[in-house]
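Trainee: Before we start, here is the structure in question, set down as structure tokens.
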Amino acid sequence: MKKLTGLFLAVFMAFSIASGQERNDVIKVYNEGAKLLQTDVQGAITAFENVVTLSEQVGESANDLKSKATQVLPGLYVRLANNAMKENKSAAEIIKAAKLASDVSEKYGNETGKNNASIILVQGYNKMGTELFTDKDYDNAILAFDSLLVINPDFSNAIFNKALIYRAQNNNAAFEESIDLFLGKLEAGKDDQAINQASTLALEYFRAAGSQANQADNTDEALELLNKAAKYGEDKDLYYYFADVYNKKKSFDSGIEYAQKGLALETGDAEAKAKFYFQLGLGQEGKGQTAEACASFKNALFGPFAEPSKAKRTNLKCQ
């Protein structure tokens with residue numbers, strides 16, 4: 001019996017010594033990782049991943065070391081992703097590193113790490129989208145910006161960049177939707193510069209599209225586009241195109257109204273005002289207001305409107 005008891009004791013002591021040695025092995029690896037924290041992020045990650053693996057093999061006696069390692073790992077993966085961004089690595093590398101950091105943070109229940117990884121992931125997709133946009137790879141640029149907006153729907157730069165892409169593609173509906181969404185994210189008084197920039201961009205885009213439709217004698221389409229432009233502010237040239245379209249449609253009251261609006265905004269010389277007076281004259285002529293039309297065409301006798309105004313005055317028998 002004494003021999004049996006001694007045997008059990010010897011086995012227990014041997015097991016205890018082995019367990020203690022195994023824990024010491026984990027401690028050694030943990031300390032190696034701790035030394036690398038500030039100088040070698042990837043080396044520290046490798047060490048702490050080994051701590052987790054070894055701790056699971058050792059069992060309960062190493063659970064505290066595993067817990068410490070899993071608390072450190074998410075932040076290290078975030079640092080690795082952040083370093084990729086600082087080192088100006090490719091967008092694909094930044095995105096890959098940020099996704100890995102997010103996955104590790106999710107695995108170990110680290111909300112701070114997950115949030116920080118998301119911030120870097122947004123920057124990675126923004127870099128990718130911007131580069132693709134510059135290369136005129138518009139479809140893939142849109143995919144990159146859409147991936148970004150899934151993570152952060154309020155990232156207004158991505159929305160604005162999408163609007164720029166749709167402008168380049170002459171996609172009226174998508175451009176309008178994106179620019180309106182962008183403007184809706186901005187705050188008056190705080191974001192006035194961005195509001196003015198986006199509003200001017202949209203006004204000029206739809207004004208140009210309306211002008212092109214007008215030149216093609218698609219007056220209904222022209223009016224639709226010019227009305228879209230008018231959502232974004234006042235503009236003398238916009239009012240000129242309105243006057244031209246309405247006069248073509250024989251809506252002379254509206255033609256006169258917009259010609260006068262354009263004149264009110266035009267602060268240039270007589271030649272600059274000539275085009276508005278010409279449209280004003282057309283509207284007045286259409287309404288049978290001959291004397292008023294003669295006066296307007298007289299004021300339009302400048303620059304490219306000199307000859308057509310002279311012809312109008314001759315036809316109207318102006319004095």
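Trainee: Going by average Cβ neighbours within 10 Å, how do the peptides 183-191, 241-249 rank, with the highest at the top?
Mentor: Highest-to-lowest ranking by the protection proxy: 241-249, 183-191.
Trainee: I want to check the label-to-label distance for Thr112 and Ala34. Put each point 7 Å from Cα in the C-beta direction and report it in nm to one decimal.
Mentor: 1.9
Trainee: Compute, for the chain, the length of the dipole vector about the Cα centre, with Cβ point charges of +1 (Lys, Arg) and -1 (Asp, Glu) only. Units Debye, rounded to 20.
Mentor: 260
Trainee: Can you run phi through the Karplus equation (6.51, -1.76, 1.60; θ = phi - 60°) for the stretch 296-305 and list ³J(HN,Hα) in whole Hz, with x for Gly and Pro?
Mentor: Once θ is set to phi - 60°, the couplings for the stretch 296-305 become 5, 5, 5, 6, 9, 7, 9, x, x, 9 Hz.
Trainee: Follow-up question, since we're still on this one. When the dipole is taken about the Cα centre of the stretch 84-143, and only Lys, Arg (+1) and Asp, Glu (-1) are charged at their Cβ, what size is it in debye, to the nearest 20?
Mentor: 180
Trainee: For Ala270 and Leu316, FRET efficiency with R0 = 25 Å and r from the beta-carbon atoms, rounded to 0.05?
Mentor: 0.75
Trainee: Could you pull out the pairs from Lys28/Lys89; Lys114/Lys190; Lys275/Lys310; Lys66/Lys96; Lys114/Lys136 whose alpha carbons sit more than 22 Å apart here?
Mentor: Lys28/Lys89; Lys114/Lys190; Lys66/Lys96; Lys114/Lys136, as the Cα separations exceed 22 Å there.
Trainee: Which entry is the computed Rg/Rh (Cα atoms, Kirkwood Rh) for this structure: (i) 0.95; (ii) 1.00; (iii) 1.40?
Mentor: (iii)
Trainee: How far apart, in nm, are two points set 7 Å out from the Cα along the Cα-to-Cβ line at Thr46 and at Asn171?
Mentor: A separation of 4.5 nm, rounded to one decimal place.
Trainee: Rounded, prolate or oblate: which fits the stretch 153-233 when a ≥ b ≥ c are the square roots of the eigenvalues of the alpha-carbon gyration tensor, with rounded for a/c under 1.5 and prolate only if a/b beats b/c?
Mentor: Since a/c reaches 1.5 and a/b is larger than b/c, the shape of the stretch 153-233 is classed as prolate.
Trainee: Could you work out the local net charge near Tyr138, counting Lys and Arg as +1, Asp and Glu as -1, over the other residues with Cβ closer than 15 Å to its Cβ?
Mentor: Result for the neighbourhood of Tyr138: -2.
Trainee: With r as the distance between the Cβ atoms of Leu181 and Glu221 and R0 = 22 Å, compute the FRET efficiency 1/(1 + (r/R0)^6) and round to 0.05.
Mentor: Efficiency at R0 = 22 Å is approximately 0.35.
Trainee: Tell me, what ³J(HN,Hα) does each residue in the stretch 256-270 have, in order and in whole Hz, if you take phi through Karplus 6.51 cos²θ - 1.76 cosθ + 1.60 with θ = phi - 60° and put x for Gly and Pro?
Mentor: Result, rounded to whole Hz: 5, 4, 6, 4, 5, 5, x, 4, 5, 8, 7, 10, x, 7, 4.
Trainee: Also, quick follow-up: Test of understanding: what is the full-extension gain from Asp191 to Asn83, defined as 0.36 nm times their sequence separation minus their Cα-Cα distance?
Mentor: Result for the pair: 35.7 nm of gain on full extension.
Trainee: Also, I was wondering about something else. At a 10 angstrom cut-off on C-beta neighbours, averaged per residue, how do the peptides 42-50, 130-138 rank from highest to lowest?
Mentor: In descending order of packing, they fall as 42-50, 130-138.
Bear in mind that the values in this text are calculations on the coordinates, not laboratory data. Just so you know, these numbers come straight off a predicted model, no measurement behind them. Heads up, the Cβs are rebuilt from the backbone with ideal geometry, glycines too, and the neighbour counts pull from every protein chain shown.
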